[in-house]
1. Quick one: which of A:K20/A:K54; A:K209/B:K26; B:K20/B:K344; A:K24/A:K344; A:K54/B:K20; A:K26/B:K209 span more than 23 angstrom between C-alpha atoms?
2. Among DSSP beta bridges lying fully in the protein assembly as shown, give the percent that are antiparallel, nearest 5.
3. Leaving ligands and nucleic acids out of the surface, order B:T140, B:T176 by accessible area at 1.4 Å, largest first.
4. Find out how many positive minus negative residues lie around B:R103, taking Lys and Arg as positive, Asp and Glu as negative, among other residues whose Cβ is under 11 Å from that of B:R103.
5. Do any residues of the range B:173-220 show a loss of at least 10 square angstrom of accessible area between the isolated chain and the full protein assembly, using a 1.4 Å probe, and if so which?
6. Would you mind pulling out the separation of the Cα centroids of the range A:115-163 and the range A:30-72, in Å?
7. Could you state the principal axis extents of the C-alpha atoms in the range A:50-126, from the largest down, to the nearest angstrom?
8. So for the range B:163-282, taking the charge dipole from beta-carbon charges (+1 Lys/Arg, -1 Asp/Glu), which of B:I213, B:G172, B:A239 sits furthest toward the positive end?
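The values are calculated or read from the model by the stated rules, or taken from the named source; none is laboratory data. Here the structure is a predicted model, which means the values were calculated and not measured. Using ideal geometry, Cβ is built from the backbone for each residue, glycine included, and neighbour counts are taken over all protein chains shown. Only protein heavy atoms, including side chains, enter the accessible area calculation; ligands, DNA and RNA are left aside. Shrake-Rupley method; radii C 1.70, N 1.55, O 1.52, S 1.80 Å.
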Number of protein chains: 2
Amino acid sequence: MKRFDIQAPDMMLAAAIQAKIDQKTKPLGALGRLELLALQVGLIQNSLSPRLIKPVVMVFAGDHGVVESGVSPYPQAVTRQMVMNFLAGGAAVNVFARQHGMRVRVIDAGVNHVFDPHPGLVDAKVAMGTRNFALEAAMTPHQCELALAQGAKLAAGEAAAGSNVMIFGEMGIGNTSSAAALMSVLCRLPVRVCVGRGTGLDDEGLQRKISVIEDALACHQGGDSPLAVLAALGGFEIAMMAGAMLAAAERRTLILVDGFIATSALLVAARLEPEILHYCVFSHCSDEAGHGLLLEQLGAEPLLRLGMRLGEGTGAVMAYPLLQAAVNFLEEMASFESAQVSGKVE
Amino acid sequence: MKRFDIQAPDMMLAAAIQAKIDQKTKPLGALGRLELLALQVGLIQNSLSPRLIKPVVMVFAGDHGVVESGVSPYPQAVTRQMVMNFLAGGAAVNVFARQHGMRVRVIDAGVNHVFDPHPGLVDAKVAMGTRNFALEAAMTPHQCELALAQGAKLAAGEAAAGSNVMIFGEMGIGNTSSAAALMSVLCRLPVRVCVGRGTGLDDEGLQRKISVIEDALACHQGGDSPLAVLAALGGFEIAMMAGAMLAAAERRTLILVDGFIATSALLVAARLEPEILHYCVFSHCSDEAGHGLLLEQLGAEPLLRLGMRLGEGTGAVMAYPLLQAAVNFLEEMASFESAQVSGKVE
């Protein structure tokens with residue numbers, strides 16, 4: 001059963017877009033990665049004049065049973081506290097999104113707290129956090145399906161309202177453990193190369209985190225299908241991001257991929273529907289240890305390397321102006337002909 | 001004689017700025033390079049709440065006698081044609097500066113063309129281009145002094161009008177040859193590691209460019225003082241940028257350093273006044289072959305690596321939002337206390 005109908009972009013316009021890029025008043029290729037971005041966005045939108053419309057950051061929050069096993073130096077309460085911080089506009093992602101004129105939507109995917117209703121908060125809660133994947137499956141197959149469907153519905157709603165570029169961010173104490181476990185199983189890599197210090201574990205904590213995940217994977221019997229792995233080891237915010245990404249690509253929306261957790265959600269999505277990668281721009285390589293290797297596994301070349309490791313979508317929001325610049329130069333720059341500038345002497 | 005009085009920033013506030021950064025709702029250090037930028041800008045402005053005011057891009061244009069020796073695949077006329085393009089708002093730097101709300105000023109430092117008066121063009125012409133440094137000194141000592149002084153006057157004027165962050169860009173067919181020659185002499189490096197393909201030389205052209213510069217340096221008898229080297233091998237736009245950078249740092253203005261040519265101007269400035277480096281943010285590593293090595297020589301870690309090699313200030317303008325983000329998070333993000341978020345469990 002193919003639930004997401006993701007088609008690779010039509011390549012018909014490729015030569016015309018490249019010609020438009022090459023006629024701009026600059027040496028051939030002199031805008032580097034921006035030129036590749038312009039081509040990619042043009043192909044995705046099947047247009048010589050692509051535009052970025054209603055950019056949105058969706059921040060999915062969820063709690064993780066595995067924190068009981070001591071994988072994070074921060075208490076679980078920080079997840080709900082940070083949700084309140086997002087809603088109040090005080091988190092890093094709020095600051096950067098304001099700077100770039102992006103809306104932020106906050107989604108309770110499965111936080112271990114009952115929030116009062118708030119106009120900025122979407123209630124998509126699957127449960128009060130996952131179960132501890134060190135002891136049992138993090139979620140039931142039904143919960144996993146529900147999370148995917150909720151994410152897909154939210155992204156589809158944004159696309160229907162006109163958004164054609166989306167960022168999916170996350171918050172969830174313990175979620176680097178889920179992401180590392182997903183990466184280890186789906187990429188068949190040793191746990192130790194997938195695990196990092198998360199919010200700031202010391203050496204001892206890092207060893208404990210590695211052991212917890214190794215022990216969990218030794219017991220893992222869910223099979224190797226991406227959805228089975230996601231249900232066994234994932235988080236509600238990760239599953240919801242995966243669903244949102246799939247629905248976004250299905251609607252030919254550009255996805256600006258954030259850091260380690262968001263990339264782990266994309267890994268699941270890409271194992272389900274590899275064509276999704278055509279719609280992805282990899283915004284940054286975070287400082288979380290496994291992220292560089294995970295990007296390699298996806299054949300991704302990130303735009304930024306700023307040593308960030310905050311999640312929330314912050315790395316992707318930082319890369320947004322580069323995407324905007326790519327679209328802008330394609331539309332606004334003069335051509336050699338229009339500006340009467342001489343070309344190369346052959 | 002010390003003509004520029006550049007003082008290292010006062011470090012008094014360093015601990016207080018770092019404490020403010022560390023109290024923001026994020027794991028320690030999780031914003032990576034942005035945190036270092038916030039500290040640097042805070043120190044330069046000696047403030048816990050630094051602000052970026054009236055950011056300006058000054059694009060200096062000049063012609064180069066060395067183009068007679070066949071070092072560029074583009075005709076010299078492109079310099080003046082691109083000046084017209086800047087004035088019409090159609091060049092890459094115009095597009096990106098508009099995106100980020102920066103003003104662009106265009107300065108005729110020594111283009112081989114007499115322009116009609118234009119409200120957007122500053123006439124600071126030293127001469128109708130430099131002489132061919134392969135045959136004789138590019139400029140007289142007097143011309144070199146004049147160019148430095150004009151640049152200093154322009155930057156001082158912007159600072160007096162309230163600008164506290166400046167980008168210096170350039171346009172000048174042939175100017176990668178000047179920049180490579182300056183780098184080779186001032187850093188005592190072989191010409192071949194300093195020279196790149198500029199606007200797009202083929203292999204044969206690259207060899208010719210290397211030979212022209214090697215031959216010129218073999219005859220170079222101007223001595224090793226930075227100003228003597230600048231006069232012998234530089235360009236009017238390079239000298240004017242160096243003067244502008246020195247005056248900017250003297251006035252505690254942040255300098256966002258662009259690509260290979262701009263960095264060669266900074267190299268001259270830093271050899272005159274090493275304290276200038278405290279005021280510099282290195283925006284990007286360009287694809288021009290020598291730039292990475294030149295940045296290393298200056299101990300610089302660039303923010304972006306996007307394969308750009310266009311000059312004009314474009315790389316620096318692309319990095320401006322990162323600087324703005326650093327200032328914004330320092331000012332706008334909630335603290336653990338204000339947002340009632342729990343800290344790390346010790």
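1. A:K20/A:K54; A:K54/B:K20
2. Of the beta bridges lying entirely in the protein assembly as shown, close to 5 percent run antiparallel.
3. B:T140, B:T176
4. +2
5. B:T199, B:G200
6. Measuring centre to centre over Cα atoms gives 19 Å.
7. Taking the Cα atoms of the range A:50-126, the three principal extents are 47, 26, 24 Å.
8. Looking along the dipole axis, the top candidate is B:A239.
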